[in-house]
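Each value in this text was obtained by applying a stated rule to the coordinates, not by laboratory testing. Computed from a predicted structure; not experimentally measured. Note that each Cβ is placed from the backbone with ideal geometry, even for glycine, and that neighbours are counted across all protein chains shown.
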Amino acid sequence: MASRFRGVLAATGLATLITAVPVTMAFRSGADPLLSGGAPFGANCTTCHDFNQGPGGVDVVGLPRRYRVGATYEFGIHIFDPEQKGAGFELSAEGGGSHLGTLLITNATTTAFPVSGTPTDYITHTHEGVDASIATWSIGDGGYTYDVGWEAPTVDAGPVTFFAAGNAINDAAALFGDRYYSGYATLPAGTIGDADGDTDLDLLDFAALQRCFSGGDQSVGEECEWLDFDDDGTVSLSDLADWNDVADGPTAPFPADYVLADAVRGGKLYDKWWIVNGAAEPMGEHPLYPMIGSQFGSTTYRCKECHGWDYEGVAGAYASGEHFTGIPGVLGTSITPREIFALLKADPNDVTNGHDMDSFGLSDRDLWDLVKMVREGAIDTSDLIDENGEFPGNASSGGFGYSLSCVFCHGSDGKAVGDTPIGAVAVSNPWEFVHTVRFGHPGAPMPASDLLGWSSSLIIDLGAYVATLPTE
């Protein structure tokens, strides 16, 4: 198992690393540690390379939706950008302030542990790996996949997030012109015998056991791995006996799709879902958007447009003004996950207030991610923003955090990305600022503080500082 992450790094240590990176980083031969986009501050390729984004991205491919304690997984980090020529990357596996499990080198030619730092906490590219990406980039339709491995902890260590930072290069051997992307995948630990992932061992799992048993070679799908108690590659009579010993009946309160859903991705979907899932931007107005509303077109399909950045709808910041709709919020809803899912998917002609979102381009998995965000990600923002719409934090502390996490993309004045300075957002719409800090911005490689484990006080201090930046 990889050595434990040393808590939240001393700020001076991280600052020293970032200051030194332009001098010490080996660039084509690999990245230094702490640049995967993981905790504590989401540091990434932009500490060296000018922030520049294009039509590409980073995907963590080939992982299951849950990990089995002690199991070994081989998967890939796929960086793509049809306008570039190759790529490098860095990967970490983290959770709860620690590096979890052990990262493994599966191809010693294209990948390596960083030269400095704790060896197995990060994996990065090699010079040969970058050369291979350049040689096959056009063949791979403008992308390349680095093969890596990971050995899971020998005990349930809670959810693990794989943070992947990718740098799609123009092969000009310069700091400028490359493009930074980020991706992640979060896996909870699974329970042996729970084939569907809903945390109980019931008749649905027994039915899966029958399917896997009849196949004899685990050819039915990922569910069979969770029924192979002795890990011998088959589901046999001994596994049936073991399953009977631990079966506990229908005890899970939520369906598996909800348990395995991603609330952080749901937060991005809540903002602008077609940017997240690649669906076509919707046309016209959403059937449920009220006549009293003043917005038009695809804006009316954004969850936030009716329910608000503060999740309180008409009871919150959208009680009046250009975003008023009179529609309630979702904060503290008592509706069950199944009921929310059904409401999001239902045709309004069949069910009152049916959102019919699947017909507009959201998959079932998208909808479950949204449900997870609504149920577990919607917070009372009055704990972060006072009655005057201001952040009651320490701007000095927030400025230090900004220098470690935000300045490389947004610039010292907060005006380097987008048309609206982030200072203006923090002042005029602090609720949007909080939501974006927590979940990231759709289509952008922005760290999500909910993945990094930031406390409320860190967000408040950051907001207090950003509110001092130029607003125009």
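The length gained on full extension between ALA395 and SER294, counted as 0.36 nm times the residue separation minus their Cα-Cα distance, comes to 32.8 nm. The alpha carbons of region 261-378 give a radius of gyration and a Dmax of 13.0, 34 Å, in that order. A simple packing score, the average count of other Cβ atoms within 10 Å per residue, orders the peptides 144-154, 458-468, 128-138, 384-394 as 458-468, 144-154, 128-138, 384-394, with the highest score first. With each label modelled as a point 7 angstrom along the Cα→C-beta vector, the PHE206-THR336 pair spans 2.2 nm. Taken along its three principal axes, the alpha carbon spread of region 188-295 comes to 64, 27, 22 Å, from the longest extent down to the shortest. So what is the relative contact order for the chain, in percent, with contacts set as C-alpha pairs under 8 Å and at least six apart? Reported as a whole number, the value is 14 percent. With pairing defined as another cysteine C-beta under 4.7 Å, the cysteines of the chain that fail it are CYS45, CYS48, CYS303, CYS306, CYS406, CYS409. Taking 20 Å as the cut-off, the amide N atoms of region 365-402 that come nearer than this to a point 7 Å along the Cα-to-beta-carbon line of SER455 belong to 379-386, 391-402.
Using the Cβ-Cβ distance between ALA280 and ASN52 with R0 set to 35 Å, the FRET efficiency works out to roughly 0.85. The length gained on full extension between SER29 and VAL69, counted as 0.36 nm times the residue separation minus their Cα-Cα distance, comes to 11.1 nm. Over all orientations, region 395-466 has a Cα convex hull whose mean projected area works out to 4.3 square nanometres.
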